Structures are given as structure tokens and as C-alpha cells.
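**Q** Before I ask anything, here is the structure I am working with.
What follows draws every value from the coordinates through simple rules; no lab data is involved. Everything numeric here is computed off the predicted structure, so don't read it as measured data. FYI the Cβ positions are ideal-geometry reconstructions off the backbone, even for glycines, and counts take in every protein chain you see.
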Amino acid sequence: MNIPKQKLSIKEKVGYSLGDLSANLVFQTLMMFLLVFYTDIFGIKPAAAATVIFVGGILGACFNPVMGAIADRTNTRWGKFRPWILWTAIPFGIMAWLTFSTPDLGEKGKIAYAFITYFFLVIAYSANNLPYAALSGVMTGDMVERTSLSSYRFVAVMIAQFTSQVLLLPLVFILGDGDEPLGFKKAIGIFAVVAVVFFVITFLTTRERIKPVQEEKTPIRQDLKDLTRNKPWIAIFALTILLFVSLAMRGGMLVYYFKEYLSEAQLTTFLANLGLADSKWVEDVPTFAFSVFNGCGIIAMIIGIAFSKPLAKRFGKRDAFGAGLLASALVLVLFVFYSPDSVTTVVVTQIIFGLVYGTTIPLLWAMIADVADFSEWRNHRRATGIIFSAMIFGLKAGLGIGGALGGYILAIYGYDADLAQQTTKALFGIRMSVSIYPALAFLLAFAALFFYEINKKIEYKMEEDLSLRRS
């Protein structure tokens, strides 16, 4: 039968994607550099830094269900979710800048400052990004358009990731003229201003089209009851936590892998072979090589994203996502076998990882939007905000747990930022944290997909039935 389509213009897709570019300028920086910023720049001990990231992240994540309920019950002439993107833009930018500032405080004062700023940054992120994520579920009910929107969105994520992971450290060096604390403060200040401007553009260029069929308010208790009966939601919630535990742990530890484990002489040779060893503004070879490594991986991920839509169309989102996740886990295992001299092999393996993991990137949020449709399909009630709030909670919990695990692993294996050469035990902990440990989390996430029952057949059935109801 013919189902009415809700096509999105390229302008609206691009405008929506700028919101994720904004958020990820900060999010990617948190995931990759917050731990090393705390331990090596702000001067906080690894165990204390891990506790700040864990407690601040988990407490901040607990705000998500509240924000989801608030968003679902927001009614303005702009819609339920769009206005929150506008209202939270400036607070988000301010807290990002403060989090990467380094006031001259004592040991306890630094820990307190780190906790307060990180906690309120997570709160601001939730108040902004939860409505932003939920917005994708009400812009269109067309499954193909939703997957396309996710592809635009995550190309923007890759641009933000490239900017943060490849350009941030060189930008810190240039802006700080060798003074890392000052460089971070200035660089994050630029990121914050760009984020605020792009959030405003997202607000101005998007529209909410899907309205709940049932107009009466449902109690929060009923929304939560619906969630506990929604098997796909339970599966995707567990998967989201595990996925971001892996990404945050590995992302935060990779910089240590380059600084402490890989041979600086081989890193210099690698850069020389690329014609980059003589860059005058680069003083720190490991961090510059790390930027090149990230750049290669991100470009590969962007290529992988291009295959996401056709794979999802051919096999369904769930099966395409699962295959990419399993392949990614197997590639991660390889990193534990490489010697300090295997620089080129490390980079090639990261490119392979980027290609296979890139196919999964747009699918996660499209699958979460499908879970919101599944709830409406089964229960005749749409609770987009609270469903996305639970996912954002999982993301924040994963970020907090993964980032904290990195810090605790450093402490357990005896990492000391003041040592010129780390112990064999500390180096082993770093190697495990970029390979075996994140691969195990990926494999557990893959196992969670066995409980996610929205296959390709159910996707089309939901779209057909919901279209009839809404019309």
C-alpha cells in the first residue's frame, strides 16, 4: 500500500546535523582528553580524576529521566523539543569552557572545581542533547528518511570528531604558544562559541511534524511502566551503556598509548615517511602522531558511514549494526599484540576499525527512534522524550564508567605522570585498555542485540500501521 511520506529537505537535514556537530566538539573532547587533561595538565591524581568522572557523570546522568519527562510535557509554538536546543545553548558553552580551565587551587580545591564544573556540564549537555536526540523521532515517521537523517547527523559527528581529535592538540599548542593550560582554555573557548551559533541554526531550520495521537497527558509512572515492558528498549539501553563504556575507556587511554607505549623514534620515522616530521609548530612527536592516527581513523569512519544506509536497507538496522559491532570487536583485539615499533601496523589497523565501526554509527540513533515507534505501535502512547532520555542516560553512564575505568586502570597498574618511563605493569594496563577491555564491552553489546526484536520485517510493519493511525 502507499504510505504518506514525510520527506526532509537537505537544508533541514544539514541544519539538524549542526546540532550534533556542536555537541560533539565538546563530547569528543571529553571522551578523548578529559582524563589526560586532569592527570597531566590540571595535576589531579588518576584515582581522584577517575572518581570525578564517574561520580559527576553518573549523578549528571540521573537528570536524564527528569529531563525526558519535562521535554515530553513541554508545549510551545515551536514544539516540544526544539526550544530546549535554543534555551540551553549558552549555558552549555559556558560550562564547557569552565571545565577545561585551570584555576590555581590546591589539591582538594582542584578536585572540587573539576567535580562541580564537570557535573554541571553533564547537566547542561543532558538538557540540550536529550531534546535534540528526541527531535529526530518527531521530524519524520519515514524510516528511510530517518536513516538518511542519521547519516547526515553522523557525518557532522565525524567532522566534530576530526576537529577535536586531530586539530585540538595542535590548536592548543598554537594558541597557548607551548602553554598547555592556556591553550586548552582558548581552544575550548572557540569550540564553545561555535557550538552556541550552530545550536541556534539547528533551532531555526528544523520542524516537528509528528504529534501524539492521544492528546491527554499520561503519568510518568505509566511511561516508566511502558519502558520496562519494551524489550527492544531494554536491549538498546544495555547496548548503549556498553558501547560508550568501550568508546570512552579506549578513547581516553589512546593518548597514553601514544605517549607512553609506542616508540618515539618509530613515531618520528612514521611522520617523516609522511613528510610531516619537520612541522616547526610540533614539539611533541607522540601527540602529533596521535592526531594523524585519529585523522586516518576518522576518515575511514566517514567512508564506513556511506555504507550504513544501503546495508540497513538490505539487511535491516539491527542485523547491519550487529555485524559491524562484531567485526569492530575482533579488530580491537589485534592492538594487544603490537610491539612499540609497530607504528604503521597500528595506524592501518585503526583504519580498518574505522571502516567497520563506521557502518554502525548512524544506525544507533535511528534504532532508538524506532524503539519510540515500537512503544507507540504496541501501547498506543508515544513517549519520545523519556525513551531518548533513557538512552542519553545510558550514554552518560557509559561515558562516566568508561572514563573512570581508564583512570582506575592507570591507578591500579601504577601509572605516574611524573615518571619519564612507565613501568612494564603500567604499559600492560594501557595496552589492555585500548584492545581487550573495550573489545569485551563490544561483544557484550553485540549479545544485547539478541533481545532487540525490531528486525527489517517489523520496521516496515510499524511504519505502515503508524502511518494509518496518524492519518
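**Q** Beta carbons within 10 angstrom, averaged per residue: use that to sort the peptides 410-423, 244-257, highest first.
**A** Most protected by this proxy first, the peptides run 244-257, 410-423.
**Q** Take each of the peptides 371-377, 104-110, average the number of other beta-carbon atoms within 10 Å over its residues, and list them starting from the highest.
**A** Peptide ranking by packing, descending: 371-377, 104-110.
**Q** Mean separation of Cα pairs under 8 Å and 6+ residues apart, divided by the residue count of the chain: what relative contact order is that in percent?
**A** On the way: 794 pairs, mean separation 132.5, N = 471.
Worked out over the chain, it gives 28 percent.
**Q** Separation of the range 86-126 and the range 137-206 by C-alpha centroid, Å?
**A** 18 Å
**Q** Can you give the log10 of the normalised intensity I(q)/I(0) at q = 0.10, 0.13, 0.18, 0.23 Å⁻¹, computed with Debye over equal Cα scatterers of the range 350-471?
**A** Here the Debye-derived log intensity ratios amount to -0.50, -0.73, -1.08, -1.37.
**Q** Which entries of 13/185; 7/309; 7/313; 13/186; 13/309; 7/457 show an alpha-carbon separation above 24 angstrom in the structure shown? Mind dumping the intermediate values first?
**A** Working: 13/185 32 Å; 7/309 16 Å; 7/313 17 Å; 13/186 30 Å; 13/309 15 Å; 7/457 22 Å.
From 13/185; 7/309; 7/313; 13/186; 13/309; 7/457, over 24 Å: 13/185; 13/186.
**Q** Charges only on Cβ, +1 for Lys and Arg, -1 for Asp and Glu: so what's the dipole of the chain about the Cα centre, in debye to the nearest 20?
**A** With Lys and Arg at +1 and Asp and Glu at -1, about 1900 debye.
**Q** Using alpha carbons only, how many degrees (0 to 90, rounded to 10) separate the axis of helix 143-162 from the longest principal axis of the chain?
**A** For 143-162 against the chain, the angle is about 20 degrees.
**Q** Full-extension gain between residue 276 and residue 453, please, as 0.36 nm times their residue separation minus the C-alpha to C-alpha distance.
**A** My answer for the length gained is 58.8 nm.
**Q** Counting only helical runs of four or more DSSP H residues, what would the 222 nm mean residue ellipticity of the chain come to if each run contributes -39,500 (n - 2.57) and the total is spread over all its residues?
**A** Value at 222 nm, helices only, nearest 500: -25000 deg cm²/dmol.
**Q** Work out from phi, with θ = phi - 60° and the Karplus expression 6.51 cos²θ - 1.76 cosθ + 1.60, the ³J(HN,Hα) of each residue of the range 72-83, listed in order in whole Hz, and give x for Gly and Pro.
**A** Taking θ as phi minus 60°, the curve returns 4, 9, 7, 9, 9, 5, 8, x, 8, 9, 4, x Hz for the range 72-83.
**Q** Further question on the same structure: Select one label from (1) 22.5; (2) 20.8; (3) 24.2: the one whose number is mean projected area of the Cα convex hull in nm² as derived from the coordinates shown.
**A** Calculated mean projected area of the Cα convex hull in nm²: the matching label is (2).
**Q** Once amide H atoms are placed 1.01 Å from N in the peptide plane, what residues at a sequence separation of 5 or more from residue 413, or on another chain, have their amide H within under 5 Å of its amide H?
**A** none
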